[in-house]
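Presented below is the structure to which this report refers.
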Amino acid sequence: MKSGRAVLPSVLLFVLTACSRAGASPSPSAAPSVAPTTAASVSTGPSAEPVELTIYGAASLKGPLEAAKAAYETTKPGATVTLSTGSSAALETQIEQGAPADVFLSADTTNPKKLVDAGLADGAAVTFAGNELTVIVPTANPAGIASPKDLARAGVKVIAAGEEVPITKYAKQLVDNLAEEAGFPADFAAKYTASIASKEEDVKSVVAKIEIGEGDAGIVYVTDAKASTKVTTVDVPRSANVPATYAGVVVKASRNAAAAKAFLDWFAGPDGQAILSSFGFLPSS
């Protein structure tokens, strides 16, 4: 029989080896997996719901709408605004025919009312801006236009817009008012009409023709004259001037009706008014 003393060294060796392993640091492969904390993995709260809006706007609103698009997309994360500008009458017709607009912003109240009356608007029309009219001539003024009376002078080429364009309706009212002013001939309206050399698709096109000298004068919005460096204005008597009222509606077929209403409220509110004012628009009356 073996002695217990012979077994002792083996037992001690086993105990020492086990203790040595227990005190050793675990190998990298045995370490638990912990995801590193990075900026990308830290939750910052829910992101804004993406929304796309298509805004149809009057040609005279091109500048303010471009500024509004930049401001709105900055302050409303997730919003993307697409703009389409032109004659209010043409845009209204396109919407009637199914064009995918979310909001319609017109240079008058008549075209938005058409959509309301046809059941194509979501809610009532909202007025959001005002404007006035002026006469513009090329900066060099080759025809020597010194007064609105000169628009009825023989040989003067007047550039106007199409019959359904809001500026044309406002201009007709202005011309009728001028015919009642002291010093204007009684047949001023008829002579003005005879002086019209072309009819353009919208007010921006009227300005463009005057800028390049293809016409001697035109009646446009004050804001359009202010936006051009290539035209000069001829004062219109305040007693004859015509206030223009701009209105907008949410299109009933919009796939983003709530977002469209939010944009219209924003544009008609303080933020939009500040942008419109910077372009020379007046508060809505």
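Only residues in region 242-258 that are within 12 Å of ASN111 (Cα to Cα) count as the first member; pair them with residues that are modelled with pLDDT under 95 and buried (at least 17 other Cβ atoms within 10 Å of the Cβ), Cβ under 8 angstrom, at least 6 apart or cross-chain, and list the lot.
THR245/SER284; TYR246/SER284; ALA247/SER284
Restricting attention to region 227-244, does a residue exist that is closer than 21 Å to GLU181 by Cα, at pLDDT 95 or above, among the small types (Gly, Ala, Ser) and open to solvent by less than 10 Å² (accessible area, probe 1.4 Å)?
Initially, region 227-244 is screened for residues closer than 21 Å to GLU181 by Cα, giving 233-244.
After this cut, where a residue has to be at pLDDT 95 or above as well, the list is 233-234, 236-244.
Filter again for among the small types (Gly, Ala, Ser), leaving 239-240, 244.
Filter again for open to solvent by less than 10 Å² (accessible area, probe 1.4 Å), leaving 240, 244.
Checked against the condition, which is being closer than 21 Å to GLU181 by Cα, at pLDDT 95 or above, among the small types (Gly, Ala, Ser) and open to solvent by less than 10 Å² (accessible area, probe 1.4 Å), region 227-244 yields at least one hit.
Within region 144-153, how many residues turn out to be aliphatic (A, V, I, L, M), open to solvent by 60 Å² or more (accessible area, probe 1.4 Å) and in contact with a helix residue (DSSP H, G or I) (Cβ under 8 Å, 6 or more places away or on another chain)? Don't jump to the end; show me each part of the working.
So in region 144-153, the residues aliphatic (A, V, I, L, M) come out as 145-146, 151-152.
From the residues that got through so far, the ones that are open to solvent by 60 Å² or more (accessible area, probe 1.4 Å) too are 146.
Pick out the ones that are also in contact with a helix residue (DSSP H, G or I) (Cβ under 8 Å, 6 or more places away or on another chain) and you get none.
Residues in region 144-153 being aliphatic (A, V, I, L, M), open to solvent by 60 Å² or more (accessible area, probe 1.4 Å) and in contact with a helix residue (DSSP H, G or I) (Cβ under 8 Å, 6 or more places away or on another chain): 0 in total.
For region 155-189, give me each residue that is among the small types (Gly, Ala, Ser) and either in contact with an Asp or Glu (Cβ under 9 Å, 6 or more places away or on another chain) or without any contact (Cβ under 8 Å) to a residue 12 or more places away in the chain (or both).
Kept after step one, since they are among the small types (Gly, Ala, Ser), are these residues of region 155-189: 155, 160-162, 171, 179, 182-183, 186, 189.
Matches in region 155-189: GLY155, ALA160, ALA161, GLY162, ALA179, ALA182, ALA186, ALA189.
Having 2 or more residues that are open to solvent by 30 Å² or more (accessible area, probe 1.4 Å) and over 30 Å from PRO112 (Cβ atoms) is the bar; report the helices (runs of 4 or more DSSP H) wholly within region 155-222 that clear it. Spell out how you get there, then give the answer.
Values: elements: 166-179, 188-195, 203-211.
Of the helices (runs of 4 or more DSSP H) lying wholly inside region 155-222, those with at least 2 residues that are open to solvent by 30 Å² or more (accessible area, probe 1.4 Å) and over 30 Å from PRO112 (Cβ atoms) span 188-195.
List, please: which pairs have Cβ atoms under 9 Å, are six or more places apart or on different chains, and start with a residue in region 135-149 that is at pLDDT 95 or above and end with one that is of a type in the set (S, T, N, Q) and assigned to a loop (DSSP other than H, G, I, E, B)?
Pairs found: VAL135/SER147; ILE136/SER228; THR139/THR229.
For region 226-247, name all the residues that are under 21 Å from PHE128 (Cβ atoms) and among the small types (Gly, Ala, Ser).
Initial filter on region 226-247 (under 21 Å from PHE128 (Cβ atoms)): 226-227, 241-247.
Passing the criteria: ALA227, ALA244, ALA247.
For every residue, the table says whether it meets (1) over 13 Å from VAL103 (Cα atoms); (2) within 16 Å of the chain's Cα centre (by Cα); (3) acidic (Asp, Glu).
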position: GLU211; (1), (2), (3): yes, no, yes
position: THR233; (1), (2), (3): yes, no, no
position: PRO237; (1), (2), (3): yes, no, no
position: GLY248; (1), (2), (3): no, yes, no
position: ALA257; (1), (2), (3): no, no, no
position: ALA260; (1), (2), (3): no, yes, no
position: ALA268; (1), (2), (3): no, yes, no
position: GLN273; (1), (2), (3): yes, yes, no
position: LEU282; (1), (2), (3): yes, no, no
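Just to be sure I understand, how many residues within region 50-76 are open to solvent by less than 10 Å² (accessible area, probe 1.4 Å) and either charged (D, E, K, R) or outside any helix (DSSP H, G or I) (or both)?
4
Among the residues of region 77-99, what is the count of those that are assigned to a loop (DSSP other than H, G, I, E, B) and closer than 14 Å to THR54 by Cβ?
Total satisfying the criteria: 2.
Quick one: in region 84-121, of everything that is open to solvent by 20 Å² or more (accessible area, probe 1.4 Å) and touching a Ser or Thr at 6+ places or on another chain (Cβ under 8 Å), which residue is nearest to TYR56 (Cα to Cα)?
Of all residues in region 84-121, those open to solvent by 20 Å² or more (accessible area, probe 1.4 Å) come to 84-85, 90, 93-94, 96-100, 109-110, 113-114, 116-120.
Next, from what is left, pick out any that are touching a Ser or Thr at 6+ places or on another chain (Cβ under 8 Å): 84, 100, 109.
Numbers: SER84: 5, PRO100: 9, THR109: 15 Å.
Within region 84-121, the match that is nearest to TYR56 (Cα to Cα) is SER84.
The values are calculated or read from the model by the stated rules, or taken from the named source; none is laboratory data. From a predicted model like this one, the values you see are computed outputs, not experimental measurements. So basically every Cβ, Gly included, is an ideal-geometry build from the backbone, and we count neighbours across all protein chains shown. Please note that ligands, DNA and RNA were not included when accessible areas were found on the heavy atoms of the full protein model with its side chains. Shrake-Rupley method; radii C 1.70, N 1.55, O 1.52, S 1.80 Å.
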